[in-house]
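Just below is one structure, and these are the notes that go with it.
The values are calculated or read from the model by the stated rules, or taken from the named source; none is laboratory data. As the structure is a computational prediction, the values presented were derived from the model and not from experiment. Virtual Cβ from ideal backbone geometry, glycine too; neighbours counted across all protein chains shown.
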Amino acid sequence: MTLRFQRLLLILLSLLFLLSAILLILFNSKKNIVFFYTPSELLENNVELNKTIRIGAFVQKGSFKKIADRTYEFNLSDKKNFIKVMYTGFLPDLFREEQGAVIEGILISKKLIKASTVYAKHDENYMPNSIKKSLELNEYWQRKY
Amino acid sequence: MVSIIGFLFLCLSIITNLFVVFANIINFFKLSFNKIIFISRFATIFILLSFLTLIFAYIISDFSNYNVFQNSHSSKPILYKISGAWGNHEGSMLMWITIMSIYSFIFSFVKKIDESLKFKTIFFQSILFILFSFYLVFVSNPFLANNVNVSDGLGLNPVLQDPALAIHPPALYLGYVGYSLIFSFAIAGIVEKKINNEWFRVLKNWSLFCWSMLTLGIGLGCYWAYYELGWGGWWFWDPVENVSLMPWIAGLALVHSLFISKGEQVLTKWIVFLSILCFSLSIFGTFLVRSGILTSVHSFASDPSRGLFILLIFFLITGFGLTIFLLKMPEDKKSIKLLLLNKTSSLIINNIIMIIACLTILLGTIYPIIIEVLTDTRISVGGPYFNSTVLPIMLPGFLLMSIAPSLSWQTNKLKNYKYYSLVLISLSVLIVFISIFTYLNPWLFIGLFLGSWIILASLIAIIFIEKKSFKLKFLKNINAYIAHIGVGILIIGITFSSLLKEENDFSLNVGEEISFANSIILFEEITVESKNNFQKLRGKFIIKKNDINFAQIEAGKNYYHVSKTITTEAGIYHDWFKDIYILLGGQENEKWSIKIYNNPLVSLIWIGIFIMVISGLLGVTKK
Amino acid sequence: MKRFIFFLPLIIFIIISIFLLIYLLQKNDPKNPPSALLNKEIPKFEVKNLFDDKEVITQENLKDNFILLNFFASWCAPCKVEHKMLFKIKNDLNNLLLVGINYKDKVNDAKKYLQNEGNPYSFVGLDRRGMVGLEFGVFGLPETFIINKEGFIIYKHLGPITEKIFNEEIKPLVQ
């Protein structure tokens, strides 16, 4: 093999890596990206059923119910609208009524989500900024007091 | 009073640095290089005094300082009072510039470097210092006075009351900030056109040191999340973690490129580019974290005006670096020997793979921002995306890594290839056998195979080195192989702990038993205890195997009065083969909800990281 | 072509910076200032008049008026700084009732303090052991709350009220 040919092979090999990386990224950005909504946005946009989504909002006062062992039901609300969440599992320490929460789950019907994860907040102010912004418009977000 | 002294020292340090910069541009005092370098050392002493003053203010709980008031409390143990000084935004930025200055201080004592090169490096380092100190003074001053008369402080975030965290930020910053010196040195090299063998040698040592520190910092962060935060895992592909991984990968590429060059002047452009990239990514990470732009489970003080300021710094430094790089592009003095499969070409391919991996992480991290700016919809890119892109991209790199040490520089031949193939075949047979008799999914198979192959290949390479001894000098010589063994151990640890992890939720009464992961766990009792600044709730668990009690662990929560927060204290039974990890949840109708994890081989992760850090540090001291 | 490759990092870097800048600026959209509505009802408390032991007020007395509730003490240096501002507030905003709570102080010292500095308050409560302060979650002095006619706390400020805070935050709330 000439030196030139070997170099050509090397360049082709690196291009191959680059190409496969791009393909991987493209493929996964379709599959593994989760959309993030507030309850109102969820109702406005017609989101497909059985799709994994995230919701950021507040746990509605008085909506938290224990259905069975480690199975809970509560409403996430942004004051205008709310959606019902069903969750089986371990609730994080900071999960309380009237506190912000972020959940990830599958949309079962228009107003019902089966959550797979309820996010543990590291502090009380944990909430995506853009979600915070939408909630502020509904005058729901309270500045740190 | 203390704050005023601290602020005064900070100002003195800025003035000294300004002097160093101006003395370089217009030298009206006609000072020699050595004199200016001598003066620049005072800047370090001043900033160090300033930082010590802040620590002192924390120790004596001087609540007339706003920063102390916000982040400390008089009833806190002394160790956490001290670590509180850098456990918050302002203090950590002060530490950032202090470390930056210490780097140039130590660098000013390095011998055998061309004087003008040394001088220019310190000059650029001073400019960087001034930029960051302006940031400190204008938007995050740790020496602000408190205009409220208070009897006690707001308390440090109890999550931060942990020994691992006392050293996690300093180690991480030693890595991040160290790249500022690499940046200055690289820029100084191309500006002064002094890229010679000495330049390569110095750059190699410093970049290896920074990389080792960054590894240590990230490792400690993982350790902290796993053992103290009770998150049940140690890596979550959270944006804050991603931004620390990007300079780490770029730094790794830099270390490897410098290894290809072996002190000869090849690949100069690429090396200078990587040096600029490492520091840019470090600032970029700081920007993303501090501006609050990212949604992260880690909480940091964030403020948009700070974000704009850091964005400006990021823009200036990276823009300047890349422009200088384009204008004063260095030329290689020698051409590299690039064959299909020699050491050089495999290292170059490895570099390309690392950069692609780095870009993939970058894209995944800022993708939500781009999408939101363009379409006003919000998305989140989580673990699955990174797992299914970054890992496959890294895979060929790992394969190369296993044979790379035995490749030759000059030819396409593989040294001692007979032994390698023998070991490879027997290893494959062994693992295939294991996978037939046990449950092994494809990823587990790949991970186990790769990890053990990397370890074995590195061991073979060590065995074939002729003069063996157990002296430190020999260990320094084989430090690259040792590092690769560390990576192999890490890969096995990661594969097993993430793929064979078992987790289960239970609802238990006190006194109840459950069986989990081949053992029986007895929930013995619940205790509540009052401590100095918190209240302790603990559940006592006894792990039994074959009717023998072999471990007893406590899981629970702490309630901190001052900040009214609860922290989860995971109960962990730890041995070389597995961790049993218990989290205590809430109580409902006499029953406690409990989450139990069985994480196999987690200890290998820490061992692997430890070996990587040690071998990196060994390399720094290598002649 | 080769030249282009070298420019690529700079181009990528500039694009990223632009995106970040837009994102940061979007977030600070002045049209959507963060709402400071705290909307909590004032806690239950009972406090004696500093000048008259027999007179007691509770949370009920604070309703039906805009109230500025100010915690102060004679030993608190920043309170003295704030004191002049309180007179200005009293003069500028007629519909606002100033209520002071003397926090962890000695009765005589407090009286002396108000004699020397003047008394802007319509009512001064005595909170010698800091129990009322505890209810309100008072952290340091001075600390100020604004309570609306329905008895909800609509604003809280820690530290002395400055001209700027008065003009920009308190005035718009009360008017």
- Note on the structure: If we ask which residues in region B:397-449 are β-branched (Val, Ile, Thr) and not in a helix (DSSP H, G or I), their number turns out to be 2
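Of the residues B:83, B:50, B:3, which single one is under 26 Å from the mean Cα position of the chain (by Cα), of a type in the set (S, T, N, Q), crowded, with 18+ Cβ neighbours inside 10 Å and within 30 Å of residue C:77 (Cβ to Cβ)?
Unique residue meeting the criteria: B:50.
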- Message: Any residue at all in region B:461-483 that's more than 13 Å from residue B:398 (Cα to Cα), among the β-branched types (Val, Ile, Thr) and touching a Leu at 6+ places or on another chain (Cβ under 8 Å)?
- Response: yes
- Is there a residue in region B:506-513 that is surrounded by fewer than 18 Cβ atoms within 10 Å (Cβ to Cβ), in a strand (DSSP E or B) and free of Cβ contacts under 8 Å to residues at least 40 places away in the same chain? yes
- Message: Step by step: first the residues of region B:339-351, then only those that are facing chain A (nearest Cβ under 7 Å) and buried (at least 19 other Cβ atoms within 10 Å of the Cβ), then the one that is farthest from residue B:237 (Cα to Cα). Which residue is that?
- Response: B:339
- Task: Only residues that are among the aromatic types (Phe, Trp, Tyr) and more than 8 Å from the chain's Cα centre (by Cα): list them for region C:140-175, please.
- Result: C:152, C:166
- Message: Would you confirm whether or not region A:11-32 contains a residue that is modelled with pLDDT under 80, surrounded by fewer than 17 Cβ atoms within 10 Å (Cβ to Cβ) and over 26 Å from residue B:596 (Cα atoms)?
- Response: yes
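Okay, residues lined up against (1) in a strand (DSSP E or B); (2) under 34 Å from the mean Cα position of the chain (by Cα); (3) under 30 Å from residue B:153 (Cβ atoms):
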{"residue": "B:529", "(1), (2), (3)": "yes, no, yes"}
{"residue": "B:554", "(1), (2), (3)": "yes, yes, yes"}
{"residue": "B:594", "(1), (2), (3)": "yes, yes, no"}
{"residue": "B:599", "(1), (2), (3)": "yes, yes, no"}
- Item | Criterion (modelled with pLDDT of 85 or more and not small (Gly, Ala, Ser)) met by exactly one of A:94, A:107, A:49, A:137 | A:107
- Checking B:366, B:361, B:371, B:379 in turn, the sole residue that is within 9 Å of chain A (Cβ to nearest Cβ), buried (at least 16 other Cβ atoms within 10 Å of the Cβ) and part of a helix (DSSP H, G or I) turns out to be B:371
- Message: Which residue is farthest from the chain's Cα centre (by Cα), if the candidates are limited to region B:197-252 and must be assigned to a helix (DSSP H, G or I) and closer than 22 Å to residue B:598 by Cβ?
- Response: B:227
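Here's the yes/no breakdown for (1) more than 14 Å from chain B (Cβ to nearest Cβ); (2) part of a strand (DSSP E or B); (3) touching a residue at least 12 places away in the same chain (Cβ under 8 Å):
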residue	(1), (2), (3)
C:116	yes, no, no
C:124	yes, yes, yes
C:133	no, no, yes
C:161	no, no, yes
C:164	no, no, no
C:167	yes, no, no
C:173	yes, no, yes
- Message: Taking the conditions exactly as written (at pLDDT 85 or above and of a type in the set (S, T, N, Q)), does residue C:95 satisfy them or not?
- Response: no
- Task: Select, from A:53, A:83, A:25, the only residue that is in the same structural domain as residue A:117 (by TED's automatic domain parsing), within 20 Å of the chain's Cα centre (by Cα) and within 30 Å of residue B:358 (Cβ to Cβ).
- Result: A:53
- State yes or no: is residue B:571 within 31 Å of the chain's Cα centre (by Cα), within 14 Å of chain A (Cβ to nearest Cβ) and within 28 Å of residue B:72 (Cα to Cα)? no
- Which of the strands (runs of 3 or more DSSP E) contained wholly in region A:34-105 include at least 1 residues that are surrounded by 20 or more Cβ atoms within 10 Å (Cβ to Cβ)? A:52-59, A:71-77, A:82-88
- Of all residues making up region B:382-400, the number that are free of Cβ contacts under 8 Å to residues at least 24 places away in the same chain and more than 9 Å from chain A (Cβ to nearest Cβ): 1
